Structure formats: C-alpha cells, structure tokens
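Structure record follows, encoded as structure tokens.
The values are calculated or read from the model by the stated rules, or taken from the named source; none is laboratory data. None of the values given here were measured: they were computed from a predicted structure. Glycine gets a Cβ as well: all are built from the backbone with ideal geometry, and neighbour counts include every protein chain shown. Side chains included, ligands, DNA and RNA excluded: accessible areas come from the protein's heavy atoms. Shrake-Rupley method; radii C 1.70, N 1.55, O 1.52, S 1.80 Å.
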Amino acid sequence: MEQLLHYVWKHKIFPLGMLRTTSGQPVEVIDPGLPNRNAGPDFFNAKLKIDGTLWVGNVEVHMQASDWLRHGHNRDKAYDTVILHIVGDTDCEVYRTNGELVPQVLLSCPEPVRQRYDELRQAEIYPPCYSILGSLPKLTVHSWLSALQVERFGQKARSISRRLEQCNNHWEDVFFITLARNFGFGLNGDAFESWAGHLPFRAVDKHRDNLFQVEAFFLGQAGLLEEEIAGADAYYQKLRKEFCYLRHKFGLPAPMSVEQWRFLRLRPGNFPHVRLAQLACLYHMERALFSRVMEAETLEAVKTILTAETSPYWEEHFNFRKVSSHRAKRVGESALNLIVINTVIPFLYTYGLHKADEMLCERATRFLEALKAENNYVTRLWSGAGLPVYTAADSQALLQLQKEYCEKKDCLRCRFGYEYLRRQ
C-alpha cells in the first residue's frame, strides 16, 4: 500500500543494513525531505548520499515503478528534480524528461508495522487507538493537540478569507454572517448563513436606529412573514406591512422559503424567530460590532457585547403562534461560549494574521484556553477513551482530529497513530 511506503520513508523505518539502489549503489538517508500534500513530487528537499555523492532534491514514492510512466512523470519537468524513486515493486526502470535514469530503491514495510496498521484499519472499537491513549506521555498529547489547534485555526482562517473575497473585504459583513451561522447552533446553521448572506446590509443600515424596522428586515427576508396566519396578532400584521414597504422601497430580493428552517426537536428558545429577534437587537444596538469585539481585551467584555436580548414582544412569544410566559430571552451562557469559540476566536486569529498583529492571535489562544471544553459526542468519545479534555482548546483540537484524521481513516498522519504503530 502506497500510504505505508510514504510512512516508512517519512519516519525512516528501514530494514537493518544499508539501503541500495536497484543497480547496487549504497544509499544513505540524511533527511527524507518534507511531505508534499499538493501537486508535484511526494517529498521536497531530501538529502541523500548515493554511492558517496551528496544529492539534494525531491523523492517520489510509488507502489510500482511503472506508476511513474502511468502518471506521466517521464513527460513532466516538475519531476526532473527527483533524485530517488522509492518503490514497492521494481517492474521497470524510469527516466527524466531528458532521458536520464532515475535511481530507484526497493522498499518494503516491516511486518510488525503492517500488522498494527491493519489493526487500526479493521478495529471495531472507536477510536481504534484507544488502547494506548491512557498511557501516552503528557508531552506527546499536549504537543499533538497544540498542533491540531493551530491546524484548525488555519482552516477557519482560510474559510473566513474566502468569505471576505465574496463580500468585497467587508469585515463587518463577514463577521455578522459568521455570527448568524453560529446562532443556528448546528441544526439551523446553514439556513442562518444563507439568510445572512442575502441580507441587504446597506439597506438595513439606513434604518438601523429603529429596532422594529430591523426586525421587519430580518424576519421578512427569512420568509417568516409570508405565511397567512388566521387571527394573527397586531404585531405580526404590523411587521408584515412594514416589510412590504421596505421591500418595495429597496427592491429587495425574494425572501427565503420558510421550508429552509428546521423546527423539529428544537427547544422553543432556539426557534429561528427568537434567534432572529436577538440578532436584530444586537445589530440595532452595536453599530460597529466587529470592531468592538476585536477591541475587547477580556472574555467578559466580549460576552457583554454579544449578550443580545429582544424587543418586548418576544418576551412573551416563541413565534407568532406560540405564546410564552413573560421572561427576557437573552442568549444564555453556554450559547455565548459556543459563539465565542466558533465566531469571535477565529476572527481574532484571522484578523491578527491580516494585520500582522501577534497580540490578536495570542488573545484568540488565551480565550480558547480560558473557556471550558465543549460537551459533545466527540469530546465524550475521546474522554471516555482515556484522553483528558479540559479546555475549549482541547475540544477544538479533538474536533479537528475527528474530522480530518479519524473520519478519513488517516492514521498514518496522526501522532497517536504513529505511537500505536511503533509500539512493540
């Protein structure tokens, strides 16, 4: 399996004795090179001695030597820099575009490593490496979780950057769209993002000082004012009339379909109506929401800014049909923590990179380490397997591990998988 050959080469898990090319020349591996996950040779900047001569260049790995030809490397100048071809089967010789012979080494995976890899791939218990997790050194666990956290930061930063391009580099708009998505708390995340992505922000801004009109914009564009409700109360009728006026005034696009919103198994406090009313209040109260959040130096200050309430109507309603006992419907503490984790912290990190401001990046990490770990099936799974999960930094790292490694069965890139494979 080619993945195993990559792994054996990367970690220099070679059989005892000097490696030799297929023509008998001795090979000394000084540095196997850096793995390349993009187009081009598999390893960059390797350092090797072949028959006593020092070579610096790239390394390509294939199960069969003839894969070099099947992939067209003999016609691709990008592979002229390859100084060694690692293969599991030497079924032919291979050449560069100028006709030069590429040295090849026949490499096999040690049987114990192959057996343990098969165990990981075939294990029915999840995670498959559970048996070693409780015995791993704290430094190994900490260093891998820290690397995963940085990897997740980078992934979220790229996602935010893509949104910025779509929104003409308007940070306030992108921040609100991301915030809206996270007000969906998973189940309605896609619907909230779709809604916010089509919200006419500049039109709303002209009426931002009027909470009622902001509500009309938000609920109207969400499609929640399209329904004919028998015996509807005066507030609903007034909102519909106001949205009709605003829609005509600004030539707004058609509202979302109400079918995009999900209500099944939702607690009433999470109904889209309530969350949209909270967002309307937040948008009305905070004129420069993104800037204010980026300037806040403590978690408490961030939470104070984001603690949205609602207009008086929603203190007695969950939607236009369902009345509630009178109470303020502000965003709760656990919901605020999730919003900080999934919106504020990624933006602090991304904006810090954008501005080359290390303080913002450090603040993102500090906030993450100060928050308690998220309680979800992933954190419960790993905690039950013997891995300590204390802070949101831990839980975010484990979510990255789950998504990018475990679900893809990519144990060979995982440090826990590496520890499992090297155990005797």
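Seen from all directions on average, segment 10-117 presents a Cα convex hull projection of 6.9 nm².
Counting heavy atoms of the protein chains alone, S291 has an accessible area of about 50 Å² for a 1.4 Å probe.
Using a Förster distance of 30 angstrom, determine the FRET efficiency expected from the C-beta separation of I125 and Q3, and round it to 0.05. The partial results should precede the final answer.
Values: r = 22 Å, r/R0 = 0.73.
For R0 = 30 Å, the calculated efficiency reads 0.85.
How large is the helix-only mean residue ellipticity at 222 nm for the chain, computed as the sum of -39500 (n - 2.57) over DSSP H runs with n ≥ 4, divided by its residue count, in deg cm²/dmol to the nearest 500?
Working: 19 runs with 199 residues, N = 424.
It lands at -14000 deg cm²/dmol.
For the chain, a crude dipole built from +1 on the beta carbon of Lys and Arg and -1 on the beta carbon of Asp and Glu, taken about the Cα centre, is about 720 debye to the nearest 20. Please give the residues of segment 1-23, grouped as numeric ranges, whose backbone N is less than 20 Å from a label point set 7 Å along the Cα-to-Cβ vector of A147. The answer is 3-14, whose backbone nitrogens lie closer than 20 Å to the label point. In straight-distance terms, cross-link reach from K249 covers every one of the aspartates and glutamates whose alpha-carbon lies under 17 Å from its own, apart from those fewer than eight places away in the same chain; here that gives D205, E215.
Can you pull out the trypsin sites (Lys or Arg not before Pro) in segment 1-81 whose DSSP state is coil and whose Cβ has at most 16 other Cβ atoms within 10 Å?
Those that pass, being in a loop and sparsely packed, are K12, R37.
Taking label points 7 Å from Cα along the Cα-to-Cβ direction, K403 and N98 give a separation of 4.6 nm.
The relative contact order of segment 75-145, computed from alpha carbon pairs under 8 Å that lie at least 6 residues apart in sequence, is 22 percent.
In this simple spin-label approximation, W55 and D209 carry label points 7 Å from Cα along the Cα→Cβ vector, and these lie 7.4 nm apart. The Cα atoms of segment 330-410 cover 39, 36, 19 Å along the three principal axes, with the biggest extent listed first. DSSP finds beta bridges in segment 22-95, and of those with both partners inside it, around 65 percent are antiparallel.
Roughly how many percent of the accessible protein surface of the chain is carbon and sulfur, given a 1.4 Å probe and a whole-percent answer? All intermediate terms of the calculation are to be shown ahead of the outcome.
Working: 10720 of 21190 Å².
Result for the chain: 51 percent of the exposed heavy-atom area is carbon or sulfur.
Accessible area per residue for the chain, computed on protein heavy atoms with a 1.4 Å probe, is 50 Å².
Taking label positions 7 Å along the Cα-Cβ direction at both C244 and K322, the computed distance is 2.8 nm, reported to one decimal.
Against the chain, whose longest principal axis is taken from its Cα atoms, helix 345-355 shows a tilt of about 70°. For segment 270-338, the Kirkwood estimate of the hydrodynamic radius, built from every pair of different alpha carbons, is 12.8 Å. Mean separation of Cα pairs under 8 Å and 6 or more residues apart, divided by the residue count, gives segment 352-424 a relative contact order of 21 percent. Mind pulling the angle between the C-alpha long axis of helix 111-122 and the longest principal axis of the chain? Nearest 10 degrees, somewhere in 0 to 90. Taking the Cα atoms of the chain, the angle to 111-122 is about 20 degrees.
Using 0.36 nm per residue of separation minus the Cα-Cα distance, give me the extension gain between A301 and N38 in nm, one decimal.
Answer, rounded to one decimal: 90.5 nm.
Of all DSSP beta bridges confined to the chain, the antiparallel ones make up roughly 65%.
Would you please name the GluC sites (Glu not before Pro) within segment 163-253 that are DSSP coil residues with at most 12 other C-beta atoms within 10 Å of their C-beta? Mind dumping the intermediate values first?
Values: sites: E165, E172, E193, E215, E226, E227, E228, E242; in loops: E226, E227, E228.
Passing both the DSSP loop test and the Cβ count: E227, E228.
Kirkwood hydrodynamic radius of segment 147-274, from the reciprocal of the average inverse Cα-Cα distance over all distinct pairs: 16.1 Å. The gain in end-to-end length when the L264 to M359 segment is fully stretched comes to 29.9 nm, 0.36 nm per residue minus the alpha carbon separation. One way to sum up the overall shape of segment 231-387 is the equivalent ellipsoid from its Cα gyration tensor, whose semi-axes run 34, 22, 15 Å, largest first. What the Cα atoms of segment 140-185 give is an Rg and a Dmax of 13.8, 42 Å.
From the cross-link list K206/K241; K10/K77; K138/K409; K77/K409; K49/K409, which pairs have alpha carbons spaced over 28 Å apart? The partial results should precede the final answer.
Details: K206/K241 18 Å; K10/K77 24 Å; K138/K409 24 Å; K77/K409 33 Å; K49/K409 35 Å.
Correct reply: K77/K409; K49/K409.
Over the C-alpha atoms of the chain, the Rg to Rh ratio, Rh being the Kirkwood estimate, stands at 1.11. Counting only lysines at least 8 places from K303 when in the same chain, those with an alpha carbon closer than 17 Å to its own are K329, K372.
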